[in-house]
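The values are calculated or read from the model by the stated rules, or taken from the named source; none is laboratory data. Nothing here was measured: the structure is a model prediction, and the numbers come from that model. Positions of Cβ are backbone-derived with ideal geometry, glycine not excepted, and every protein chain shown enters the neighbour counts.
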Amino acid sequence: MLRSTATAPGLLAVLLLSLACNATSGPQPQRATFPPGERVARIGTVTLELAEAYYDLRGVSLKVSITNRGEAPLELERDGILLAYNQLEFPVLPSEARRVPERTLLAPGATVQLELGFGTDQLMVQAGTLRLLSIHAGNDTWLDPLLLTIPPPAAFVESAAQPEEEI
């Protein structure tokens, strides 16, 4: 029969020390949901609404809906969807989980849901702007860009405001 020479308090101390050493410091990924109508942008007959944002340490994923309230079909090009943040623009990242078609067709009165991922390679500690730049209304008619402010998560803003500890 095997017996341990360690005492229960000693094992507890080792376990707590191990957990403390493995604990991560700094902000963790954050998820935010927005009530209907809270984060909306409109231009002409098109409405863009933010439903959810998932903020990772190196990017952001957005769940948005786009509605065509007009009488003519619209076409949105994936390459015209950008996230402007910190004086840079980021394209939609390709992903198996979030397939965004090269072109999204919006019939009159239709709404489409899109999941968009952007790699910023940095914490989002200030607001960014989702830009829909390529909305085609047919007959060589392009709509003005549709811009929607994307707020940063409070945990990232607070983390950025705290001074770093000296080692």
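Laid out as a table, the results:
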| read-out | value |
| --- | --- |
| Residues (in a loop (DSSP other than H, G, I, E, B) and free of Cβ contacts under 8 Å to residues at least 40 places away in the same chain) located in the range 130-146 | N139, D140 |
| Of all residues making up the range 127-154, the number that are at pLDDT below 90, loosely packed, with under 15 Cβ neighbours inside 10 Å and within 15 Å of the chain's Cα centre (by Cα) | 1 |
| Pairs where the first residue, in the range 39-52, is at pLDDT 95 or above and the second is among the acidic types (D, E), C-beta under 6 Å, 6+ apart | V40/E49 |
| Hey, L106 modelled with pLDDT of 70 or more, among the hydrophobic types (A, V, I, L, M, F, W, C) and over 16 Å from I135 (Cα atoms) or not | no |
| Candidate set: the range 101-126, residues that are among the charged types (D, E, K, R) and farther than 17 Å from T33 by Cα; chosen: the one surrounded by the fewest Cβ atoms within 10 Å (Cβ to Cβ) | E102 |
